[in-house]
Amino acid sequence: MPTGTSSGKAQEVYDRINGLTGDERTKTLVDLAKQEGTLSIYTSNTDLDKVIDGFEKTYPIKVEVYRGNSESVLQRVVQEQQANYNGNDLVETNAGELNVMADQNMLYPYEGALRAAVRKEGQADGWTATRFNVFVVGWNTTKVKPGEEPKSFEELADPKWKGRVSLEVGDVDWFAAMYKYYLDQGKTDAEVRDLFNRVVANAKIAKGHTAQGELLSAGQFAVTASSYSHTIDKAADQGAPVSWHPASGTPVQPIVIRPNGVALMKTAPHPAAAMLFVDYELSEGQKILHESFRVGSIPTADDPVAGLTTISVPEKEMLDNPKKWDALYEEIVQSGREVK
Amino acid sequence: MTTASPAVSARRGATLGWLRRLGTPKVIIIVVVAGLIGYLALVPLYYLIWGTFFDADGFTLGGFARAYGDPRVGDMIGNSLWFAVGSAVLSLVVGTALAYLNVRTDVPFKGLFFAASIIPLIIPGILYTIAWIFLASPDIGLLNKAIEPILGPGFFDIFTVWGMVWVEGLHLSPIVFLLMVAAFRSMDPSLEESALMSGASRWQVFRRVTMPLTRPAIVAAVLVMVVRSLESFEVPALLGLQNGIYVFTSRIYFVLRSYPPDLAAAGALAVGLLVLALIGVTISNLVGRSGKTYQTVTGKGFRPRPMELGKWRPVMGGVIVLYFFLTVVGPLFVLLYTSLLKFYQAPSAEAFASMSLDNYRQLFDISDAMTALKNSLALGLGSATLVMILMAVGAWIVVRSRIPGRQLVDHFSFVPLVIPGLVLGLALSFVYLRSPVPIYGTIFILLIAYCTRYMPYGMRYAVTSMHQISAELEESAQVSGASWWQTFRRVLLPLLSPGLLAGWIYILVVSFRELSSSILLYSPGNEVLSILIFEQYENGQFTVLAALGVVMVLTLAVLVIIAYKLGAKVGLRQD
């Protein structure tokens, strides 16, 4: 049963390394991590495999991975921690789930020069962003001709998009960010709801970004209101007729960005290996993620959202009152359909 | 305490005698099996009930308010019932017709026909549904494009309740097919022959003799199908949502998706299903119980001889081929076609030019693919075998024994059917994280999960077959001096084998797809195929997923054909 190291010992290692920099940090980490020998990661990031391959090639450490959706990663960590079972050293998943774990005091801060280089939105309490989900308005380029591309989200409420737009049934975080954005722009609650209701009245609801992206490529939908940029970029790279960049001009803005990140478990049996992995993911790993069309957390020269208006998800509010946003989005997605 | 007195030792002697009587293999086996069924059902049921009715402040009915309080709940239940009853009727008609043709007539290519009838079940639900979108979407459907010159654009619309019924009904028809195959195999054709001799027409015989004799199987099929479709989420999510058709399970999705999941509301919905299901089980037992009505396997020897179709043989052959083109070849072709592309696009010269085996190559590059295939095979074979052995004894307890409370065994075995997979996963991890026996983190926790999930199906298959076997066979064996265990093993098991084999095939096939509890319970090294499917699905590689689907269909089809060939060698011999 992986219950070896006591939490105190892990925290000693974390504190010691957090204070080190440069070669000294790497050397100490590698020495300690080699003694530990293995590393257990729980993740919902399907592109992490390639990062793990790179890590295992660089360091003589065996990595065990549990992959699930972000909900099951969270459920598993919570169940195990409540039973004092230390199944993992490291968790790599979405912001909402990481915030819950941080809130329940299961994570330990990671410090260093690499964290300091991460986009401000990604230096969260208890965890550090490794990549960003970028929600964009995408379209099928055979269904939407150059020049006809939507210019704004509001435009999708226009009757000319009737039956051509797709929303995703689980995108509560994107919805909350957009909703807050319009309130901040001076719209009233009623006006924001009306806007969403009218977009939903034009929309076909999909479940899952992958199915939605596939159906966009196939032409079942003309426009998706909240696709991940990497879903569209990957498909376009395969030759599919999809894009989120208009033939001329800039993409639809604002763009909601939400960090996904990594955190050290407070009770990790292999704390040094865990820290070594975070260091790796924030350096070499960033290049590997970039190859999978992911937007890394440390801005690079060819930053895909550079110069564009981005907004964040109201994390604190979503954490304090998760049911409120769920219920509101559920209601709008369902009742908006009745607006003719 | 006083010193030992003669009274005490006498009592001890009585106890020992009592124990000796209880210590027979029969009693031990019955107690162990009933205990296991109870244990497997009660762990998740307790977790579910506790989570539904109790929160931090004590007893509550808040979950019911949240689950049923939605103003649109009436519409949802209406849609759900329409969808569930429609799918059940479709699968019943299709499954029964195919089973009858396969078992009772001399249609050509029986082995292939058998495997083809099961294929819709093998294809993962997501893939089967998306394949149908590519075939029958009013916007991009290939079938619609093909008939557009004759019937105009958008003739078929898969995004309706009828479309949902079509996909779900066909996808689940193998459950009925397998149940009915078992029932028809154990049927004495002399009854039908007598009816024919007395001047009844073929159709009259089918309606008045054949169907009534298989009523227990039909009731079991309807029951399982209705509950399954009420619970189904993949088809309504992919087809219904697009046009705003919401079903009962949409609520379960909405209440479970955020953290902490609203287990109380999900539980309240499951409790609703549970009540419905238990009423169904009771009805099905009342139907099956009515004495000797359905017992066609009696002391009188018979050989189920297939009916000669004569001049109808080529006609039926044609109908079957047409059916398979529509329901099996169509979706399979879409999958095969997609698995060769870089992304899905309508067939064109360009699309064909871009075809390659890259997706298959990628599939075999996935580091865990072989481990996952091995684990899925081990778990599928293991859980199918264990469940069918347990349920054979379970069915004996329910149908044959006079033990008080035997109906409870049947009810408990049915409970897991209504428990959401996520709740089962949570319940099992909760228990085994705290158990001194190291089961958590090993493949055995998955085995326990699978046995729990598939127990209801196993029981339906076993009970249905048991209803067809006359008690007089066991009685004669016992009169001739056979022990209970010998009778069970040498008389009952062979006679039950068509039903047990059908249930075994069903569990083997669907276990390859189990995701909702596996995803919480597997650990590194214990990956299963459904986890790979899920990853490919999450990762946006639909074309690789299609390739995985094709490989799964081929693997399982081979297994099913082997099982069918082996199955034909045991139990009732056919001419």
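The values are calculated or read from the model by the stated rules, or taken from the named source; none is laboratory data. Since the structure is predicted, the reported quantities are computational estimates derived from the model, not experimental observations. Cβ atoms come from the backbone with ideal geometry, glycine included; neighbour counts cover every protein chain shown. To get the accessible areas, we keep the full protein, side chains included, count just its heavy atoms, and leave off ligands, DNA and RNA. Shrake-Rupley method; radii C 1.70, N 1.55, O 1.52, S 1.80 Å.
Structure notes:
- Where helices (runs of 4 or more DSSP H) fall wholly inside the range B:197-273, the ranges with 1 or more residues that are under 17 Å from B:Met180 (Cβ atoms) are B:202-205, B:215-231.
- A:Leu183 assigned to a helix (DSSP H, G or I) and either within 17 Å of A:Val333 (Cα to Cα) or within 14 Å of chain B (Cβ to nearest Cβ) (or both): no
- Number of the exception - B:Gly310 against (1) modelled with pLDDT under 80; (2) touching a helix residue (DSSP H, G or I) at 6+ places or on another chain (Cβ under 6 Å): (2)
- Single residue of the range B:432-465 satisfying the filter (small (Gly, Ala, Ser) and within 16 Å of B:Ile519 (Cβ to Cβ)) that is nearest to the other protein chains (Cβ to nearest Cβ): B:Gly441
- Being hydroxyl-bearing (Ser, Thr, Tyr), within 14 Å of another protein chain (Cβ to nearest Cβ) and open to solvent by less than 30 Å² (accessible area, probe 1.4 Å) is a property that does not hold for B:Thr96.
- Residue match in the range B:207-219 (condition: within 10 Å of another protein chain (Cβ to nearest Cβ) and either within 19 Å of the chain's Cα centre (by Cα) or over 22 Å from B:Ala99 (Cβ atoms) (or both)): no
- Of all residues in the range A:165-198, exactly one satisfies the criterion of being touching a strand residue (DSSP E or B) at 6+ places or on another chain (Cβ under 6 Å) and open to solvent by 30 Å² or more (accessible area, probe 1.4 Å), namely A:Tyr181.
- Counting only strands (runs of 3 or more DSSP E) wholly contained in the range A:42-158, the ones carrying 1 or more residues that are among the polar types (S, T, N, Q) and within 14 Å of another protein chain (Cβ to nearest Cβ) occupy A:90-94, A:128-140.
- Restricting the range B:415-431 to residues that are at the interface with another protein chain (Cβ under 10 Å from one of its Cβ atoms) and more than 13 Å from B:Leu40 (Cα to Cα), the residue that is farthest from the chain's Cα centre (by Cα): B:Phe430
- Residue under evaluation A:Asp233, criteria (1) open to solvent by less than 30 Å² (accessible area, probe 1.4 Å); (2) in contact (Cβ under 8 Å) with a residue 60 or more places away in the chain, criterion not met: (1)
- Scan of the range B:547-562 for residues that are small (Gly, Ala, Ser) and in contact with a Phe, Trp or Tyr (Cβ under 7 Å, 6 or more places away or on another chain), ordered by number: B:Ala547
A quick yes/no check of all residues on (1) more than 14 Å from every other protein chain (Cβ to nearest Cβ); (2) of a type in the set (Gly, Ala, Ser); (3) farther than 24 Å from A:Thr46 by Cβ; (4) out of contact with any Pro (no Cβ under 8 Å at 6 or more places or on another chain):
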{"residue": "B:Leu336", "(1), (2), (3), (4)": "yes, no, yes, yes"}
{"residue": "B:Ala346", "(1), (2), (3), (4)": "no, yes, yes, yes"}
{"residue": "B:Met355", "(1), (2), (3), (4)": "no, no, yes, yes"}
{"residue": "B:Asn359", "(1), (2), (3), (4)": "no, no, no, yes"}
{"residue": "B:Phe364", "(1), (2), (3), (4)": "yes, no, no, yes"}
{"residue": "B:Ala369", "(1), (2), (3), (4)": "no, yes, no, yes"}
{"residue": "B:Lys374", "(1), (2), (3), (4)": "yes, no, no, yes"}
{"residue": "B:Leu381", "(1), (2), (3), (4)": "yes, no, yes, yes"}
{"residue": "B:Ala384", "(1), (2), (3), (4)": "yes, yes, yes, yes"}
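- The residues in the range B:217-269 that are modelled with pLDDT of 80 or more, farther than 26 Å from B:Phe54 by Cβ and open to solvent by 10 Å² or more (accessible area, probe 1.4 Å) can be counted, and the count is 11.
- Residues in the range A:224-250 that are assigned to a loop (DSSP other than H, G, I, E, B), more than 10 Å from chain B (Cβ to nearest Cβ) and farther than 28 Å from A:Thr128 by Cα: A:His245, A:Pro246, A:Ala247, A:Ser248, A:Gly249, A:Thr250.
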